[in-house]
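The structure appears right after this line, and notes come after that.
The values are calculated or read from the model by the stated rules, or taken from the named source; none is laboratory data. Keep in mind that what you see is a predicted model, and the values were worked out from it rather than measured. Neighbour counts are summed over all protein chains in view; Cβ atoms, including those assigned to glycine, are modelled from backbone coordinates with ideal geometry. Only protein heavy atoms, including side chains, enter the accessible area calculation; ligands, DNA and RNA are left aside. Shrake-Rupley method; radii C 1.70, N 1.55, O 1.52, S 1.80 Å.
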Amino acid sequence: MSKAIPGTANGSADNPSGSAPERLLAQLRSNPLVPLLIAGAAAIAVIAALLLWAQAPDYRVLYSNFSEADGGRIIAELDKRAVPYRLSDGGTALLVPAEQMHSLRLQLAEQGLPQAGNVGFELMDKQAFGVSQFAEHLNFQRGLEGELARSIESLGPVAKARVHLAMAKQSIFVRDRQPASASVVLTLHPGRSLGEGQVDAIVHMVGSSVPELAAEAVTVVDQSGRLLSMPGNSGRDLDGTQLSYVDEVESSYQRRIERILSPILGAQNVRAQVAAEIDFATREQTAERYAPNQTAGDAAIRSQQLSENYTGGDELARGVPGALSNTPPAPPAPPAPAARPGKAADAKGAAAQTAEPAPAAEADPRNSLRRDNVVNYEVDRSVEHVQQRRGTIKRLTAAVVVNFRGGVDADGKPTREALSAEELTQINRLVRQAIGFSAERGDALEVVNSPFTEAQEVVLESVWWQTPEFFVMATSIARYLLVALAALLLWLLLLRPLLRRHAPAVVAAAATEAVEGAGATATTSEAPTAASEEASIAATGELQRRLRRRSAVYEHNLAHLREMAQEDPRLIAMIVSGWMKKND
């Protein structure tokens, strides 16, 4: 018995004419299970692809902004280790599975990868035999540049560094000698910057590593062309070290104030700020002071010279003391010189001169007395050479705010009251002693008692859903949820409409078979009943049991047909239409 399936193009299926696609389309329309099978296979393929995507490893950046030579070495090493990798950002970033990223970095670092394009002193290990002195000197300079670049790149903000050295030129003539100089080009990470102290550290590190290189001869430039180093701190009032020292001094005094007042008032009831004026100038002072002369007994003698000269005869004064006895005797007249022939006139002249009386001062030179005494004393001299140290505190200003005292009133409600004048005076004295207050220096201190605003401090705690492990787990769960959502959408939008579209034909065939089975059951149920009444009464019990069983099946099928008629009357109409066509 042939069965008519609604929606089937019988004429097109039997038509041998037409193109191959039309015949294939006609065959697909004649068999409603083919589209359903294709849709099911496509849905399974999509779900399988999504599952593979969900189970794929998470890739993380292993290295970025590396040179082409380093990239080739790293990829070759990853191929040897059979590690999957990906390239992104135009080949400037290398990605590997997240669970292998840290171990691979350590293993590649052991092999000296990446080298960042800087060749260090390992270049000296590959010296050829018979290399010239110039080539050896050049290789040493290249190795020194590479080692300095590696050291600079170890700083956090620095991504890449290049060092250019101009070594000192030696000469036997002083005027022909040339000092060394250096230039450093830095490539910083995005959003990072170098402080003045870090720049000075780079300058001093390079200057200390190269012979005869002064710190003033080192130039540091970033990737934007900005000059980071300033020789001699020109153009800057304070460098990073001095600013750090000022902050340290102010923080030290602030901690002193808070520590001495916290046990009395509580750590949350005291706020202090200190401003320090620091003098970083270097001064040298030299002074000489001369005090008045000391007395003769107390003076220190440097040198003393005593000279005495006495000239006189053996005769001493004799006789009765008086004016006559104290009168010295007259000196005798000197003898006259002998006359020489031819010089009589000169002798007479000389005799005439000697005959004249001698002056009173030269009366008796043998009785003269002379005494010289020279004493040199030490001059009182005081020389003072003072060199003041840098970083001297010139002036301190401190401001302290103290909260009101908390308490409870008679009703049990919290209250706050101001501190008394005696307590504020005590706090003022304690703060003065803590900071070493000096009125001569011009220090200033202000203590204020004021109520603090009730502001609850927000404590930022890392909750469990903000940890990196939770994000990794949430990413994995989200992938599987996406797969489940895709499967649900495939069922609702593709498979279920196809099943509803092609189910009436299958249900119609099943219903036809059920109706025919019910009719056959009814026919067979009537015949045995008549035969049982005519044949024998002995088989009544067995026949009744079979009738009950068959009637139950019939009732069940009939109830099923009624439900189908109520749910889908169109289906019943199609079945009846099929029966009518078959009878025609």
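Check off (1) in contact with a strand residue (DSSP E or B) (Cβ under 6 Å, 6 or more places away or on another chain); (2) free of Cβ contacts under 8 Å to residues at least 60 places away in the same chain; (3) not β-branched (Val, Ile, Thr) for residue 421 and give me the number that stays unchecked. Failed condition: (1). The condition (being at pLDDT below 70 and not in a loop (DSSP other than H, G, I, E, B)) is satisfied by just one residue among 565, 530, 538, 573: 530. Restricting the stretch 194-209 to residues that are open to solvent by 70 Å² or more (accessible area, probe 1.4 Å) and free of Cβ contacts under 8 Å to residues at least 40 places away in the same chain, the residue that is farthest from residue 223 (Cα to Cα) is 208. Return yes or no: is residue 406 open to solvent by less than 100 Å² (accessible area, probe 1.4 Å), of a type outside the set (Ser, Thr, Tyr), modelled with pLDDT under 90 and not in a loop (DSSP other than H, G, I, E, B)? Yes, satisfied. Tell me, please, whether a residue that is out of contact with any strand residue (DSSP E or B) (no Cβ under 9 Å at 6 or more places or on another chain), hydroxyl-bearing (Ser, Thr, Tyr), surrounded by fewer than 17 Cβ atoms within 10 Å (Cβ to Cβ) and in the same structural domain as residue 144 (by the TED database) can be found in the stretch 177-185. No, the stretch 177-185 contains no residue that is out of contact with any strand residue (DSSP E or B) (no Cβ under 9 Å at 6 or more places or on another chain), hydroxyl-bearing (Ser, Thr, Tyr), surrounded by fewer than 17 Cβ atoms within 10 Å (Cβ to Cβ) and in the same structural domain as residue 144 (by the TED database).
Of the listed requirements (1) part of a helix (DSSP H, G or I); (2) surrounded by 15 or more Cβ atoms within 10 Å (Cβ to Cβ), residue 95 misses just one: (1). Take the conditions (1) open to solvent by 70 Å² or more (accessible area, probe 1.4 Å); (2) modelled with pLDDT of 85 or more; residue 167 misses just one of them, which is (1).
Yes or no, residue by residue, for (1) in contact with a strand residue (DSSP E or B) (Cβ under 9 Å, 6 or more places away or on another chain); (2) assigned to a loop (DSSP other than H, G, I, E, B):
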| site | (1), (2) |
| --- | --- |
| 42 | no, no |
| 45 | no, no |
| 49 | no, no |
| 54 | no, no |
| 73 | no, no |
| 83 | yes, yes |
| 107 | no, no |
| 128 | no, yes |
| 144 | yes, no |
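Residue count for the stretch 409-429, restricted to those that are closer than 23 Å to residue 249 by Cβ and either modelled with pLDDT under 90 or open to solvent by 50 Å² or more (accessible area, probe 1.4 Å) (or both): 1.
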